[in-house]
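Bear in mind that the values in this text are calculations on the coordinates, not laboratory data. Remember, predicted model here, so these are calculated numbers, not experimental data. Using ideal geometry, Cβ is built from the backbone for each residue, glycine included, and neighbour counts are taken over all protein chains shown.
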Amino acid sequence: MVFRADLIRVYPCSFADIFFALLRDLLAFAVISSGSRYHLDMIDTHCHLTYDGLHERVDTVIADAVSAGVDRMITVGTTPVDVRKAVALSRRFDNIYATAGLHPHYAGDWPSPTLLTDALRDLLADPKVVAIGEMGLDKHYPDPPMKMQRAAFAAQLDLANELSSLPIIIHNREATDDTLAMIADADIPGDRFVFHCFTGTPDEIDMILAIGAMVSFTGIITFKNAAAIAEASDRVPLDKLMIETDSPYLAPEPHRKVRPNEPKYVVHVAEFLAKRRGMTVDEFTTTVDANAERFFNLK
Ligand SMILES: [Zn+2]
């Protein structure tokens, strides 16, 4: 090889060079970190990555969440078939956990409590399944009939009693009294429950807190017409609070019109509640993430 002196370029090193090099590095850092304004390890404690709108592009959804500072997600199973999809995702991605339950909307498809609990029991044994649920009662729609919702809920409470280590995710819509009564009948300690996507009154939140349950809030709390929910949230002690998206539903402000909602937007729920409590976002998320790790026993 012939050595050619004319190929050697001389790099003058002046103050201006150093200044511009620093500026370039700063700009590069800003671009790289533009996905998140925080260096956080947030957890979206309740999303549905198996649902249309998210599942067909789940790799991107998860990558976008991670670059926004949301590094772990719990994808909540709502039927035995859906749970299998959730478990499959949890096996593909280290940072995804699954849960196993029957949402009250699907209670009509499972008239036999025994068949339901048999279908769920095996799935609940998976090491990445961190909770039983979501289960509960929903009086917002006339269907399925309350009788079927109650039967499915009671069967799952029995199963939860049998599997004494798993936390329980409650879906309760306009049915707080009945839900709490069934929980009392099941004789399960209240601190095993989280009432997800809370949308009730201050009185209802007091009743839920009285049994020792956790309360979790979605982007609904950021809506201008949800001031009562935000006020109710003030009553929740910091160690009983969790945050979630319930995506693909319920995108928070300022993305309320966005469909579908995604786990990355849990950042806005954190910002809203941190501001309301006079905390920095970092302080707030550190606390609620510790709650989620403890409650769901996340490794
Ligand atoms: Zn849900």
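Whole-percent P(r), the stretch 186-299, all Cα pairs, 5 Å bins from 0: 2, 12, 23, 24, 22, 12, 4, 1, 0. Ranked for footprinting exposure by Cβ neighbours inside 10 Å, fewest first, K147, K275 give K147, K275.
By the beta-carbon count within 10 Å of each Cβ, the least crowded to most crowded order of S233, S90, S165, S67, fewest first, is S165, S67, S233, S90. Between P252, P167, P142, the Gaussian network model of the chain with springs among Cα atoms under 10 angstrom shows the greatest mean-square fluctuation at P142. Note on A184/K147: beta-carbon distance plugged into 1/(1 + (r/R0)^6) with R0 of 25 Å gives a FRET efficiency of 0.80.
In what sequence do M135, M214, M242, M182 fall when counting other Cβ within 10 Å, fewest first? Each step should come with its number before you reach the end.
Values: M135 30, M214 27, M242 24, M182 18.
Fewest to most other Cβ atoms nearby, the residues stand as M182, M242, M214, M135.
Which of the pairs K85/K299; K147/K264; K240/K275; K224/K299; K240/K264; K128/K240 have their Cα atoms more than 28 Å apart in this structure? In this structure, K147/K264; K224/K299 exceed 28 Å between Cα atoms. Between L115 and D94, the C-beta separation translates, for a Förster distance of 35 Å, into a calculated FRET efficiency of about 0.60. Between helix 58-67 and the chain there is an angle of about 60 degrees, using the helix long axis and the longest principal axis of the Cα atoms.
Shown in residue order for the stretch 275-285 are the 3J(HN,Hα) couplings computed by the Karplus curve 6.51 cos²θ - 1.76 cosθ + 1.60 at θ = phi - 60°: 4, 4, 9, x, 10, 6, 4, 4, 4, 5, 5 Hz (x for Gly and Pro).
Add -39500 (n - 2.57) for each DSSP H run of 4 or more in the chain, then divide by its residues: what number comes out at 222 nm, to the nearest 500 deg cm²/dmol? Let's see the in-between values first.
Values: 10 runs with 124 residues, N = 299.
For the chain, the value works out to -13000 deg cm²/dmol.
A straight chain from H255 to R294 at 0.36 nm per residue would run longer than the Cα-Cα distance by 11.0 nm. Across the stretch 188-203, the residues whose backbone nitrogen lies under 18 Å from the label position 7 Å along the beta-carbon direction of S164 are 188-193. Taking amide H as placed 1.01 Å from N in the peptide plane, the amide H of E134 sits under 5 Å from that of G77, G101, each at least 5 places away or on another chain. Here the Karplus relation 6.51 cos²θ - 1.76 cosθ + 1.60, evaluated at θ = phi - 60°, turns the backbone of the stretch 161-171 into coupling constants of 5, 5, 9, 5, 8, 8, x, 10, 9, 9, 9 Hz, with x for every Gly and Pro.
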